[in-house]
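K.L.:
If you scroll down you'll find the structure; I have some questions about it.
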Amino acid sequence: MENLTKFSIVMISVMVLVSHMGLQEGFAETEQELNLIFKQANKHLKNGEYRQAIVMYEQILEINPNHKTTSNMKGIAHGNMDDHIKSLTQFFKVLQKNPNDPIALTGMGIGFGNLGEYNESLNYFNKAEVEKLDSKVIKNYKKIIENTIKKYPYEPTEKPINQNKQHAGTIPDWVKDTVNWWSIKKMNEQDFFKSMKYMIENDIIKIPETKIFENEKNIAQIRVDLVTWSQEQVSDEEFFKNIQWLIEKKFIDIEKSQKEIEYEEYLFKKYVKSILKNIGEEKRYIEYANPSQDVIKKFLRDYDKWNFEQQVQMSSSNFPSPTYEIINEVYFVKYKVYINDQPAGLPLDHVSTLKNSFEFWESQELKTNNQKAKMIFEISKSKMDANVWVTWVVRDMGEGVLGHAHLGKGVVEVALGDYNCDGSFQLYDVETVEAIMTHELGHSIGLPHTNEKENIMYPSMTPYYAYCLLS
């Protein structure tokens, strides 16, 4: 094979979530053994051996049932097996103890999305986004769910009523005095929080289901809001919202009783059972929250449509050479580029990002024959006239390989995803695919690799994923 370059993946662990255990067992030997089990479980997960991984996660949780990371990993493994009920149940257990955990919140959003319960799914994604504002994964999921709700209206499943909160909303009048003592510093902050914790846990204050603040707050603003409430200038709803903020931000650490935990689990299972009943009784359209598996199934079904494997084996000399003209001692080299269709079902628009890749190289001042050179790209609808063929692939191009390109002209292959995140096929995000495309396009105009890590022509990179919880 002539003049074929490869762009590869840097395997800096994408599973940042599972970098260490921190089980804090009393005996070092036990902790060491559990760490070994954990690493082996993650290896099974990454290889797509989910059942084996789950067995090992369960072994760890028998010893340390409160380990959030292991619990989340178990939920992810169940989700990858399409066992959405077990996945939801697992993430729900995490949230009972850690209500702000972004992985579990996102996992709940995915699970409800996969059951067609889109409003509830969006509710969890919104909560997850509050905890992790910069997460592209959460934003991508939200976009799919929001679009699905617009396209396919449905009747949401009614949630069972929590009898414990049905009569919530009561606040003794003397609580206003407690707030005022805090405001004038007759009571310090920690004592105020302890006082609120005691009253909530002993049902002196019963907090109803209430919305959280849309905008970020700080403790000083909360104090002002509560004082305003104590002076009867705002409704009790504002009191509950502020107290809920303190609980969610762990200023007030509420410990649920075992009875409360069991009752919440009962209501959750009842809700899920109602969802399954609705799915069975009505024509509810379900568009899975993570489209990665759907894309690869369609790709493999119509393999020849997107795959240029035979053309990759061709010599680049079989492709027509680009044309050029010299203006003011500058070579203007014109490339005609044929762009293959994206695989069906791909929700991310990578074709439009080609414009950015073209503009990047057109803005560079290069050299050819010791003369200045500028690149010009023109999209061609004809393969036969094109100097470069661009196609998108999801097949295995070799371990860690993100793309292929003939040097100077020929075929450019750009990977859309891989199996390296959680053992299932996962699509890359838009920025990753654009970087791969820009790199491979650099080869197609004749540029080799470079040793400069910041240069787009450096031979490896770390990809980011559009929908993988472990990215």
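The values are calculated or read from the model by the stated rules, or taken from the named source; none is laboratory data. Remember, it's a predicted structure, so these values are computed and weren't measured experimentally. So basically every Cβ, Gly included, is an ideal-geometry build from the backbone, and we count neighbours across all protein chains shown. Heavy atoms of the whole protein, side chains included, go into the accessibility calculation; ligands, DNA and RNA do not. Shrake-Rupley method; radii C 1.70, N 1.55, O 1.52, S 1.80 Å.
K.L.:
Enumerate the helices (runs of 4 or more DSSP H) found wholly within the stretch 205-306, keeping only those where 3 or more residues are farther than 30 Å from Asp191 by Cα and not aliphatic (A, V, I, L, M).
P.N.:
Because the criterion is at least 3 residues that are farther than 30 Å from Asp191 by Cα and not aliphatic (A, V, I, L, M), the helices (runs of 4 or more DSSP H) in the stretch 205-306 that meet it are 258-281, 292-301, 303-306.
K.L.:
Does the stretch 437-452 hold any residues that are open to solvent by less than 40 Å² (accessible area, probe 1.4 Å) and without any contact (Cβ under 8 Å) to a residue 24 or more places away in the chain, and which are they?
P.N.:
Thr450 - this is the single residue of the stretch 437-452 that is open to solvent by less than 40 Å² (accessible area, probe 1.4 Å) and without any contact (Cβ under 8 Å) to a residue 24 or more places away in the chain.
K.L.:
So which residues in the stretch 398-426 are among the aliphatic types (A, V, I, L, M) and in contact (Cβ under 8 Å) with a residue 60 or more places away in the chain?
P.N.:
Scanning the stretch 398-426 gives Val401, Leu402, Ala405, Leu407, Val411, Val414, Leu416.
K.L.:
For Asn188, are the conditions met, namely being polar (S, T, N, Q), open to solvent by less than 100 Å² (accessible area, probe 1.4 Å), at pLDDT below 90 and more than 30 Å from Gly345 (Cα to Cα)?
P.N.:
For Asn188, the condition - polar (S, T, N, Q), open to solvent by less than 100 Å² (accessible area, probe 1.4 Å), at pLDDT below 90 and more than 30 Å from Gly345 (Cα to Cα) - is not met.
K.L.:
What single numbered condition from (1) open to solvent by 30 Å² or more (accessible area, probe 1.4 Å); (2) in contact (Cβ under 8 Å) with a residue 40 or more places away in the chain fails to hold for Leu115?
P.N.:
Going through the list (1) open to solvent by 30 Å² or more (accessible area, probe 1.4 Å); (2) in contact (Cβ under 8 Å) with a residue 40 or more places away in the chain, Leu115 breaks only (1).
K.L.:
Return the total of residues in the stretch 334-356 being open to solvent by less than 20 Å² (accessible area, probe 1.4 Å) and farther than 28 Å from Lys297 by Cβ.
P.N.:
Adding up the residues that qualify gives 2.
K.L.:
Next up: Of the conditions (1) within 27 Å of Lys273 (Cα to Cα); (2) open to solvent by 80 Å² or more (accessible area, probe 1.4 Å), Asn47 fails just one. Which one is it?
P.N.:
Unmet for Asn47, out of (1) within 27 Å of Lys273 (Cα to Cα); (2) open to solvent by 80 Å² or more (accessible area, probe 1.4 Å): (1).
K.L.:
So which of Ile149, Ile144 ends up being within 19 Å of Leu276 (Cα to Cα), at pLDDT below 95, among the β-branched types (Val, Ile, Thr) and assigned to a helix (DSSP H, G or I)?
P.N.:
Only one candidate qualifies: Ile149.
K.L.:
Right, here's the next one. Please work out which residue is surrounded by the fewest Cβ atoms within 10 Å (Cβ to Cβ), limiting yourself to the stretch 365-394 and to residues that are of a type in the set (S, T, N, Q) and over 18 Å from Ile326 (Cβ atoms).
P.N.:
Result: Ser382.
K.L.:
Right, something else. Regarding the stretch 306-314, can at least one residue be identified that is loosely packed, with under 12 Cβ neighbours inside 10 Å, modelled with pLDDT under 90 and either of a type in the set (A, V, I, L, M) or under 20 Å from Leu427 (Cα atoms) (or both)?
P.N.:
no
K.L.:
List the residue pairs whose Cβ atoms are under 9 Å apart, where the first residue sits in the stretch 320-341 and is polar (S, T, N, Q), the second is open to solvent by less than 30 Å² (accessible area, probe 1.4 Å) and not in a loop (DSSP other than H, G, I, E, B), and the two are 6 or more positions apart or on different chains.
P.N.:
Here the result reads Thr323/Val333; Thr323/Tyr335; Asn340/Trp306; Asn340/Trp389; Asn340/Val390; Asn340/Thr391; Asn340/Trp392, each pair linking the stretch 320-341 to a residue that is open to solvent by less than 30 Å² (accessible area, probe 1.4 Å) and not in a loop (DSSP other than H, G, I, E, B).
K.L.:
If you don't mind, another one. Select, from Thr157, Thr178, Thr148, the only residue that is within 26 Å of Glu264 (Cα to Cα), of a type in the set (Ser, Thr, Tyr) and over 13 Å from the mean Cα position of the chain (by Cα).
P.N.:
Within the list Thr157, Thr178, Thr148, the selection yields Thr157.
K.L.:
Using the structure shown, decide if Lys6 is of a type in the set (D, E, K, R), open to solvent by 80 Å² or more (accessible area, probe 1.4 Å) and modelled with pLDDT of 85 or more.
P.N.:
Spelling it out, it is not the case that Lys6 is of a type in the set (D, E, K, R), open to solvent by 80 Å² or more (accessible area, probe 1.4 Å) and modelled with pLDDT of 85 or more.
K.L.:
Here's something else I'd like to know. Suppose we filter Glu434, Glu413 for residues that are buried (at least 21 other Cβ atoms within 10 Å of the Cβ) and under 19 Å from Tyr464 (Cα atoms); which single one remains?
P.N.:
Glu413
K.L.:
Considering the stretch 58-69 alone, what residues qualify as being closer than 20 Å to Leu469 by Cα and touching a Leu at 6+ places or on another chain (Cβ under 9 Å)?
P.N.:
His67, Thr69
K.L.:
What pairs can you find where one residue is in the stretch 252-281 and loosely packed, with under 13 Cβ neighbours inside 10 Å, the other is not charged (D, E, K, R), and their Cβ atoms are less than 7 Å apart, with a gap of 6+ or different chains?
P.N.:
Lys270/Pro160
K.L.:
Looking at the stretch 363-401 only, could you name the residues that are among the charged types (D, E, K, R) and over 30 Å from Asn140 (Cα atoms)?
P.N.:
Selection gives Glu365, Lys367, Lys372, Lys374, Glu378, Lys381, Lys383, Asp385.
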